[in-house]
Amino acid sequence: IAATPRPRRGYLVARLGFRVAAPPRARAADGVYTSNDGTYSFATPEGFEPKPKPVRTHADEVLYKDANRREIGVVVDRVTIAALGDFGTPAFVGEKVVASERNRDGVTDAFLKNSRAVEKAGRTYYELAYGNASSRGDFRFLSRVAVADGRLYVMTLKARADDA
């Protein structure tokens, strides 16, 4: 991946195959949210509103929720790897995510349902489907993970198990 000058809006849509965002603001009139630095964006689904996170733990992160408490979250962090394969296989990455989930407060069980590599426009993504049981309910997650320009991008959808 070649470094490029400040990308135009929607640039990562073509490069990464999914749209991601930064700190939440109100949904734009066109339904697209663009990061503060303009390097990535995503279409905000109808009915989802930005929710500020009380503690930021990533270089960039955003969270949207709907009335049914379904969530779309995006985190971005700097990494030293050039590609996902430099870290491991989809199953390996999925197990790392599930292990991290098991260590979360209130989680009593977590499992990996599916992990796979997806090729799109010459880029490799990992898709991870997993779930957990916790004191706050049972949830299902679907994540798409990509690495580009020294950054790890993770978009995760979350829903209650009975709503997934």
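The values are calculated or read from the model by the stated rules, or taken from the named source; none is laboratory data. The structure presented is a predicted model; accordingly, all values stated were derived computationally and were not measured. We place every Cβ from the backbone using ideal geometry, glycine too, and count neighbours over all the protein chains shown. What goes into the accessible areas is simple: the full protein's heavy atoms, side chains included, and nothing from ligands, DNA or RNA. Shrake-Rupley method; radii C 1.70, N 1.55, O 1.52, S 1.80 Å.
The table below gives the values:
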read-out	value
Residue ID - farthest from Gly73 (Cα to Cα), chosen from residues in the stretch 119-128 that are open to solvent by 20 Å² or more (accessible area, probe 1.4 Å) and in contact (Cβ under 8 Å) with a residue 12 or more places away in the chain	Ala121
Test: residue in the stretch 70-89 that is in contact with a Ser or Thr (Cβ under 6 Å, 6 or more places away or on another chain) and within 26 Å of Phe48 (Cα to Cα)	yes
All strands (runs of 3 or more DSSP E) inside the stretch 23-116 with 1 or more residues being open to solvent by 80 Å² or more (accessible area, probe 1.4 Å) and modelled with pLDDT of 90 or more	71-78
Matching entry among Ser143, Ser134 (being surrounded by 20 or more Cβ atoms within 10 Å (Cβ to Cβ), of a type in the set (Gly, Ala, Ser) and touching a strand residue (DSSP E or B) at 6+ places or on another chain (Cβ under 7 Å))	Ser143
Qualifying residues in the stretch 146-160 (those that are of a type outside the set (A, V, I, L, M) and farther than 21 Å from Arg102 by Cβ) - the one least open to solvent (accessible area, probe 1.4 Å)	Tyr153
